[in-house]
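Just so it is clear, none of the values below were taken in a lab; they were calculated from the coordinates. Predicted model only: the values in this text are computed from it and were never measured. Cβ atoms come from the backbone with ideal geometry, glycine included; neighbour counts cover every protein chain shown.
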Amino acid sequence: MTNLKQLHVLLAAPRGFCAGVDRAIQIVEKSLEKYGAPVYVRHEIVHNKFVVEGLKAKGAIFVEELDEIPNDGQPVIFSAHGVPKSVPAKAEERKMFYIDATCPLVSKVHREAERHFKAGRQIILIGHTGHPEVIGTMGQLPQGAVILIETLEDLRNINVIDDGNLAYCTQTTLSVDDTAEIIAALKEKFPEISGPGKEDICYATTNRQAAVKNIANRAELILVIGAPNSSNSNRLVEAALTYGAKQAFLIQSAADLEKYDLSDINILGLTAGASAPEELVVSVLETLKKTYNVTIEEVENVKENVVFNIPRLLRESEEKRSVS
């Protein structure tokens, strides 16, 4: 062991699963327990290949559209990112049994958008084009009711119907700093614009970005465990670079470590996006220990205790088991 090179790992906390992701995975697992396989899931339940493959092994079948699902009476689960209103409407038309695993914090944004629309306001949504959450939020309202912007440049080129009758919402997994800059510019351009009572960016996104900022200027390189299509994981890489890390990369698992030369690195930062399970973090650390004499310093920014209940129809079987 003494011949191994020293590697000090700054382990960001909080990291990994958020309450919305944990709830969504539980919904699939409890559905499989209660109804048996197959259970269909529209879109990846969360953006993580490891999680999706694990659920597939238990009997979940992932599809992109309801057309791919037979009328066999088995449950259909909508992902944590949320879906346009047209999706449950189509499921009802086909008399499908569906369970909505939309994160409650995403549902909050949906309700905000609907409230502003009913009040006659045009809505500006800050988010990433093509992201499932954005598609779901825009799909709560008629076409044209929501204008999507991603950047300050988009804001400069925006065309609105009535600049005195606007509201804004945001995707829940954006960069805290970038979004704050766009919101400030929005308010300067449209002083009368209405916004959410409490910011839309979820607690987990905020906390994980803050945790990365805490270690960024100490680490020579930061690794973020997450999927390439995970918005919150990509934002963690950006936050690391913005706040002082010389290098920051996204990895999906320990297998990706071989892509990087860590021989000159003395202090490594490590975190995981909100859809990455802790076992991936453990696997990365165990792999590093095979090559380096690893010391671990967990740098905790805040403790999280948020829990979201799974739907009652899935809790009932749990409650019956506990009574018996």
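Some observations on this one:
- Simple Cβ-charge dipole of region 19-103, Lys/Arg +1 and Asp/Glu -1, about Cα centre, in debye nearest 20: 180
- Mean Kyte hydropathy of -0.5 or more with a Cα span along the axis of at least 15 Å, helices from DSSP in the chain: 19-35, 176-189, 203-216, 231-242, 278-289
- FRET E, pair L285, T151, Förster distance 41 Å, beta-carbon r, rounded to 0.05: 0.65
- Charge context of L241, other residues only, Cβ under 13 angstrom, K/R +1, D/E -1: -1
- Computed on the chain, the Cα convex hull volume stands at 160 Å³ per residue.
- Of the chymotrypsin sites (Phe, Trp or Tyr not before Pro) found in region 168-256, not one falls in a DSSP loop while having at most 11 other beta-carbon atoms within 10 Å.
- Only Lys, Arg, Asp and Glu carry charge here, each on its Cβ (+1 for the first two, -1 for the last two); on that basis the chain has a dipole of about 660 debye about its Cα centre.
- Where both bridge residues fall in region 61-216, DSSP classifies roughly 0% of the beta bridges as antiparallel.
- For region 19-103, the convex hull spanned by the alpha carbon atoms encloses 79 Å³ per residue.
- Treating each Cα of region 105-189 as one equal point scatterer and applying the Debye formula with no solvent, the log10 of I(q)/I(0) at q = 0.25 Å⁻¹ comes out as -1.44.
- Given their separation in residues at 0.36 nm each and the Cα-Cα distance between them, K198 and Y260 gain 18.3 nm when the chain is fully extended.
- Stokes-Einstein translational diffusion, region 126-264 - Kirkwood Rh over all Cα pairs, 0.692 mPa s, 37 °C, in µm²/s: 196
- Spin-label pair E300-R115: with each label point 7 Å from Cα along the Cα-Cβ axis, the two points sit 3.4 nm from one another.
- Eigenvalues of the alpha-carbon gyration tensor of region 58-142, scaled by 5 and square-rooted, set the equivalent ellipsoid semi-axes at 26, 14, 11 angstrom, largest first.
- Peptides 209-222, 82-95, 32-45 ordered by packing proxy, namely the average of other Cβ atoms within 10 Å per residue, highest first: 209-222, 32-45, 82-95.
- Entries in K5/K290; K30/K58; K213/K246; K108/K303; K85/K118; K259/K290 that, when Cα-Cα distance is taken, lie over 20 Å: K108/K303
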